[in-house]
Amino acid sequence: MRGTMRLIFPMLWTLLSLFFFWCAFREIRASIVAPAGYDFPAPVSKPYLAVVLVLAVLFAWPPVHTWSFQRFLSAKSTALADNHRASVHCNTLFDTMIDPEMLAAGHANPLTGKIVFQKPWCATLMAYLRHPERASFNELESLDMFTHESMHVRGELNEARTECQAVQRNYRAAKLLGVPDATAKRNALDYYNIDYQARAKIGGMLSAYYSDQCAPGKDMDEHLDDSTWAAP
Ligand SMILES: [Zn+2]
């Protein structure tokens, strides 16, 4: 059921788009071949043609845009997961409402490689990529969520270790997504120094995503060449 339902909105938009393309096609065809019951072809109504073409393109845009963003994220996530195949899906509001894991901002299935971003986290990540130099904390969180879920696909299940692998790779992840080097480094360090460290003090549910061993030279340091905390 979930699989079918999550297709409905993009499908509805696609069908509306196809309908308006068909209207345009019919109008043009009628100007070349006489319609049934008429002796002569009818001249094209330019305003009508313009309106139906604009509607066709407008309805095609959201599904095409989301589809291409998902493909882009899937490819980058696969690279982050050391080539374990990831496929990212951006949930619509409706998907989120019927998702049994709706309270989690995102989730991943390490067996299938499927990563789900709840509404509105794909939009937040898009916003981050539009202006990474003035990223909000929400936007940095969307970057970390993307890296975190990719680490699950890579095979890690323990949340503290997954999150630590993510904070070390947020610099790499941001660069993979097209963020300029210096900005990517600063964003990744901000997330680690501020957001991540705050969990030690807040405690509660978030403490499952924190370890004091997640630091340069400590147990969870993977000594990556391009680690977020590696000296430049
Ligand atoms: Zn997780």
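Do we have Tyr196 as within 15 Å of the ligand (Cβ to nearest atom) and of a type in the set (Phe, Trp, Tyr) here? Let's see the steps before the verdict.
On the way: within 15 Å of the ligand (Cβ to nearest atom): yes; of a type in the set (Phe, Trp, Tyr): yes.
Yes; evaluated as a whole, the condition is true for this residue.
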Residue in the stretch 162-175 that is farther than 18 Å from Pro216 by Cβ, away from the ligand (no atom under 15 Å from the Cβ) and open to solvent by 30 Å² or more (accessible area, probe 1.4 Å) present:
yes
Filtering the stretch 83-133 for residues that are assigned to a loop (DSSP other than H, G, I, E, B), open to solvent by 80 Å² or more (accessible area, probe 1.4 Å) and more than 16 Å from the ligand (Cβ to nearest atom) leaves a count of 3
Positions within the stretch 46-101 being polar (S, T, N, Q) and in contact with a strand residue (DSSP E or B) (Cβ under 7 Å, 6 or more places away or on another chain), in sequence order:
Thr66, Gln70, Ser74, Ser77, Ser87, Asn91
Pick from the stretch 192-221, criterion within 20 Å of Glu139 (Cα to Cα) and not hydrophobic (A, V, I, L, M, F, W, C), ranking: least open to solvent (accessible area, probe 1.4 Å)
Tyr196
Kindly list, by first and then second residue, each pair from a residue in the stretch 85-99 that is free of Cβ contacts under 8 Å to residues at least 60 places away in the same chain to a residue that is open to solvent by 10 Å² or more (accessible area, probe 1.4 Å) and of a type in the set (A, V, I, L, M), limited to pairs with Cβ atoms under 6 Å and residues at least 6 apart or on different chains.
Thr96/Met102
Could you check the stretch 134-161 and list, in sequence order, the residues that are in contact with a strand residue (DSSP E or B) (Cβ under 9 Å, 6 or more places away or on another chain), within 11 Å of the ligand (Cβ to nearest atom) and either more than 18 Å from Asp226 (Cβ to Cβ) or without any contact (Cβ under 8 Å) to a residue 60 or more places away in the chain (or both)?
Met145, His148, Glu149, His152, Val153
Would you mind telling me which numbered condition in (1) within 16 Å of the ligand (Cβ to nearest atom); (2) farther than 22 Å from Pro216 by Cβ; (3) over 13 Å from the mean Cα position of the chain (by Cα); (4) open to solvent by 10 Å² or more (accessible area, probe 1.4 Å) Gly178 fails?
(1)
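The values are calculated or read from the model by the stated rules, or taken from the named source; none is laboratory data. Treat the numbers as computed from the prediction; the structure is a model and nothing was measured. Heads up, the Cβs are rebuilt from the backbone with ideal geometry, glycines too, and the neighbour counts pull from every protein chain shown. Side chains are part of the model used for accessible areas, which takes the heavy atoms of the whole protein and leaves out ligands, DNA and RNA. Shrake-Rupley method; radii C 1.70, N 1.55, O 1.52, S 1.80 Å.
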